[in-house]
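First up is the structure itself, then whatever we jot down about it.
The values are calculated or read from the model by the stated rules, or taken from the named source; none is laboratory data. Computed from a predicted model, the values in this text were never measured in an experiment. Heads up, the Cβs are rebuilt from the backbone with ideal geometry, glycines too, and the neighbour counts pull from every protein chain shown.
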Amino acid sequence: MEVHHHPKVEKKNFKEYFLEFLMIFLAVTLGFFAENFREHQVENDRELEYIKSLTADLNDDIHNLDSLIAFEQPGIKQLDTLIDLLEDPALAKQNGDEIYYVARQGPREYPFPVNSRTLDQLKSSGGFLLIRNVEASNQVINYYNQYSPAKLLENNYSLEFDSYKRVAAKIFDPGILRRQENNASEIIRSHYNPSLLSYDANLLKELGFHVLQMSGSRRSRLGVLQAQSTKALQLKSYLQEEYHLEK
């Protein structure tokens, strides 16, 4: 009978098992850290892109705020002029060109177009979690929250303007108002002292009251816009310095 001899299996000692385990452990650990580093780098890149986009939005806001502030200041003066002219029917009769002009041009108002494109993206995608700088995140949120008072003043002014128009319709001739517009829809001043539909002192004072309310709202809004312009410049400077962006 043949005797089959089994091949000898060389047994590993503890040291060899330990080295194999150590190599596997190191490989898994390094892979974990490499993946974690890669994800961390991707998040850093996305955070930086969001910050760059926010500063671009702030640039738009700063430009729009400067334009709107420059528009508000003469508008308020024109409303004040209108109040003075409405005080006395005789004065209104002598200054038909001026009263028709400031009655059309002065009340004109434009809403502020807040550029919240990046903020909306951050909110909808949960991107605020990527902004790990808590102070930066808080300053961004605080900046955009400051537009609420401006929006409230815009809505209030719209109501005051509606009241103004109801009384103005009894005083100003629509044909003359139409002739004030040029082809570019700009308001031009006439030079023939046009007449009002009414010089009733009480009616003129009623209109003056509404103009006074509008002037007050515009002054408040101007202060809010000026403060917001300062905040926009400060936030832009902070983000540029904190994230080492080119100025």
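Here are some residues: 154, 98, 160. Which one is under 23 Å from residue 74 (Cα atoms), surrounded by 14 or more Cβ atoms within 10 Å (Cβ to Cβ) and under 18 Å from the mean Cα position of the chain (by Cα)? First the steps, then the outcome.
Numbers: 98 fails: under 18 Å from the mean Cα position of the chain (by Cα); 160 fails: under 18 Å from the mean Cα position of the chain (by Cα).
Only one candidate passes the filter, namely 154.
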**OP:** State all residues of segment 99-125 that are aromatic (Phe, Trp, Tyr) and either at pLDDT below 85 or more than 13 Å from residue 177 (Cβ to Cβ) (or both); if no residue qualifies, say none.
**Re:** 110, 112
Original post:
Can you name the condition, by its number, that residue 131 falls short on among (1) out of contact with any Ser or Thr (no Cβ under 9 Å at 6 or more places or on another chain); (2) of a type in the set (A, V, I, L, M, F, W, C); (3) over 30 Å from residue 212 (Cβ atoms)?
Top reply: (1)
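Can you find even one residue in segment 216-227 that is buried (at least 17 other Cβ atoms within 10 Å of the Cβ) and in contact with a strand residue (DSSP E or B) (Cβ under 7 Å, 6 or more places away or on another chain)? First the steps, then the outcome.
Just the residues of segment 216-227 that are buried (at least 17 other Cβ atoms within 10 Å of the Cβ), to begin with: 217-218, 221-222, 224-225.
Next, from what is left, pick out any that are in contact with a strand residue (DSSP E or B) (Cβ under 7 Å, 6 or more places away or on another chain): none.
Looking for residues that are buried (at least 17 other Cβ atoms within 10 Å of the Cβ) and in contact with a strand residue (DSSP E or B) (Cβ under 7 Å, 6 or more places away or on another chain), one finds none in segment 216-227, hence no.
Hey, any hits in segment 185-206 for a residue that's touching a Ser or Thr at 6+ places or on another chain (Cβ under 9 Å), surrounded by 13 or more Cβ atoms within 10 Å (Cβ to Cβ) and either at negative phi or not charged (D, E, K, R) (or both)? Show your work before the answer.
Going through segment 185-206, the residues touching a Ser or Thr at 6+ places or on another chain (Cβ under 9 Å) turn out to be 204.
Remaining after also requiring surrounded by 13 or more Cβ atoms within 10 Å (Cβ to Cβ): 204.
Of the ones still in play, those that are also either at negative phi or not charged (D, E, K, R) (or both) are 204.
Looking through segment 185-206, at least one residue is touching a Ser or Thr at 6+ places or on another chain (Cβ under 9 Å), surrounded by 13 or more Cβ atoms within 10 Å (Cβ to Cβ) and either at negative phi or not charged (D, E, K, R) (or both).
Being in contact (Cβ under 8 Å) with a residue 60 or more places away in the chain and small (Gly, Ala, Ser) is the filter here, so list the residues in segment 191-231 that pass it. Break it down stepwise before answering.
Taking segment 191-231 and keeping what is in contact (Cβ under 8 Å) with a residue 60 or more places away in the chain, we get 191-196, 199-201, 204-205, 207-208, 211-212, 214-215, 217-222, 224-229, 231.
Correct list: 195, 201, 208, 215, 217, 220, 227, 229.
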Original post:
Residue check: is residue 179 among the basic types (Lys, Arg), farther than 30 Å from residue 46 by Cα and without any contact (Cβ under 8 Å) to a residue 12 or more places away in the chain?
Top reply: yes
**OP:** Pull up segment 54-67, narrow it to residues that are crowded, with 17+ Cβ neighbours inside 10 Å and of a type in the set (S, T, N, Q), then point me to the one that is farthest from residue 221 (Cα to Cα).
**Re:** 55
Original post:
If you take the residues of segment 169-184 that are of a type in the set (A, V, I, L, M, F, W, C) and part of a helix (DSSP H, G or I), which of them is surrounded by the most Cβ atoms within 10 Å (Cβ to Cβ)?
Top reply: 176
Subject >> segment 120-140, residues that are among the β-branched types (Val, Ile, Thr) and either surrounded by 13 or more Cβ atoms within 10 Å (Cβ to Cβ) or in contact with a strand residue (DSSP E or B) (Cβ under 7 Å, 6 or more places away or on another chain) (or both) >> reply: 131, 140
